[in-house]
Every structure is written in structure tokens, then in C-alpha cells.
Amino acid sequence: MDENPEKRARLEEPKGFSLGHPPDPDKHFYIDSEDDVHSILNEITVGNFYLIRGPPASGKSTVAEAIRRHAPYSKRGPSDNRSFVLISGTPMQDIDKDQIRAEFLEQLNDEANLDGALPGNSTFKQMIKFLNAHKVVLVIDEAHVVFEKCYELLKYSTPPTAIFFTTTPEEVGNIKGERRIKRPSPTGMAAKFYWSGGIKESDIEGALQQTEVRLELEAIRALVQISGVHRGIFNRLCDWVLGRQRAPAGPKVFFAFNIVTTPQPTPTAI
């Protein structure tokens, strides 16, 4: 049983919807990603790079966060089990290449990652040696920025094990009259995967029960179809539904499916 009364009270509160950022499972509507995490990690072997592509807002960042939570780094020293740290390419977009090392180091030393275990003057080689020595897997979100800024620095003589998440597609165009890839993925990938971010009705029903949104099964199915089975779009649709259900009017109808509404303390007559 959780002995922290504040955390317990927070977990009992209805969860909201995270728009534009990876959800916190303790605070937000969250579709469990453990099956996805295990599917990815079953493919990973030591010292290799892996690329996972997918459309925007399909849940790649959420899965990347879930991988870190699956086995966060511990300062107890090398063990038989690997752990994971998460780096985001987003803060690196507008900084010079000579500032990349400092940004990379700052993110690695974040409390949720290595928690200050790396010395402040560490070089890229020293960072990589540390990760390898402690069996830490590098998970990189928005990796297209890293590919541009510092990918070659990661390809040390003994590279770290790394998983790269990105939306950037390979560009295909005409080269000397033939259709070829103009901007291929970086070299050195052991394997490439496509992430569709699909969602299951059974997962959604359970997750929605922890929010204030009340939908009949047929309405859930309608929203799934409208979203194109896309996690980010479905999340925003549910947030819109919540706003409608909180409105002071009576029962609403959504595409011919009744949306279950919470009774209002002062209902407005129509």
C-alpha cells in the first residue's frame, strides 16, 4: 500500500488529458504501453543502434518515456540488468554544435536519468564509456535533430546501445532519372521499425474510467474511427468531449451516439 497520502490522493483524482506532451500516467489519461515496450526491448541487443519511425503525435514520445520508466538507472553500480535513460533532441534544435556536448550532458545528468552521476566536464567518449560500463541504454526522442548535430559523436569505437525515435521520413526523389532515396536514414542502424501508434478499444475503456469522460462503447468506437486509430487525435477528441460534458446544458448527442453526462448542480432549462 502506498504510504504517501498526497500521492494516494492525487492518484484517486480524475485524470486529465495531456495535449502536446507525453502523458504522466499518475496525472493523465494513459493507454498502457507495456506490451509495446516489451516488443521493442525484445529486439534490442548490446552495442547496436535501432531506429523507430512513426507519424507525429502517434505516441512515440510516450513509448520512449515508458521505456525509461521500465528500468530507470540506479547508482548501485553495474548489474546483470540494463537500465534506460532518455534524451530529447528538441532542446538541441536551436543551439550550435559546440554547445551540444553540454546539452547532452545536462540531460543525461537529469534527476530522471543519471541524477548527476557523470562529472560535469565529461567528453562524449567519457559519457559513452560510462553508459557501456553501467549497461545503460540510450533512448533518444526527436532523433532527427541528433542525427544532424551529433550522430557521428555517438559512433564511438564501442558505441552505446541506442534506440532512436523520429518522425522524419526518408526523402525519395529523382536521381539521374531514377527514383531513389535522397535522404536515407543514418548508417549504422542494426534494424528499423515503423510505429503506427494503434490503439485497442479494450485499452481505451479501462483508461477512460480513470477520467471524467463517460462514453458508451459505440461512442468510443466512433471516436476511434474518427481519429484514424491515432493516439494524439483520440486524446484531443476526448478532451473536447470532456469540455462538452462539463457544459451546463442537458444530454449531448455525438454523431448519433449518446454521451453520458455528469449531472450538473444547477441545470439550465432549455
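The values are calculated or read from the model by the stated rules, or taken from the named source; none is laboratory data. It should be emphasised that the depicted structure is a prediction, and the values quoted were computed from it without experimental measurement. Positions of Cβ are generated from backbone atoms using ideal geometry, with glycine treated the same way; all protein chains shown enter the neighbour counts.
Scanning region 79-94 for residues that are modelled with pLDDT under 90 and either of a type in the set (A, V, I, L, M) or buried (at least 18 other Cβ atoms within 10 Å of the Cβ) (or both) yields a total of 0.
Of all residues in region 16-47, those that are outside any loop (DSSP other than H, G, I, E, B) and under 15 Å from Arg69 (Cβ atoms) total 8. Quick one: would you say Tyr50 is assigned to a loop (DSSP other than H, G, I, E, B) and not polar (S, T, N, Q)? In short, no. Are any of the residues in region 243-254 under 28 Å from Asp141 (Cα atoms) and modelled with pLDDT under 75? Taking every residue of region 243-254 in turn, none turns out to be under 28 Å from Asp141 (Cα atoms) and modelled with pLDDT under 75.
For region 209-219, name all the residues that are surrounded by 19 or more Cβ atoms within 10 Å (Cβ to Cβ) and in a helix (DSSP H, G or I). Once the filter is applied, which keeps residues that are surrounded by 19 or more Cβ atoms within 10 Å (Cβ to Cβ) and in a helix (DSSP H, G or I), region 209-219 yields only Ala219.
Restricting the search to region 107-163, which residues are within 21 Å of Val63 (Cβ to Cβ), of a type in the set (Gly, Ala, Ser) and not in a loop (DSSP other than H, G, I, E, B)? Correct list: Ala143, Ala162.
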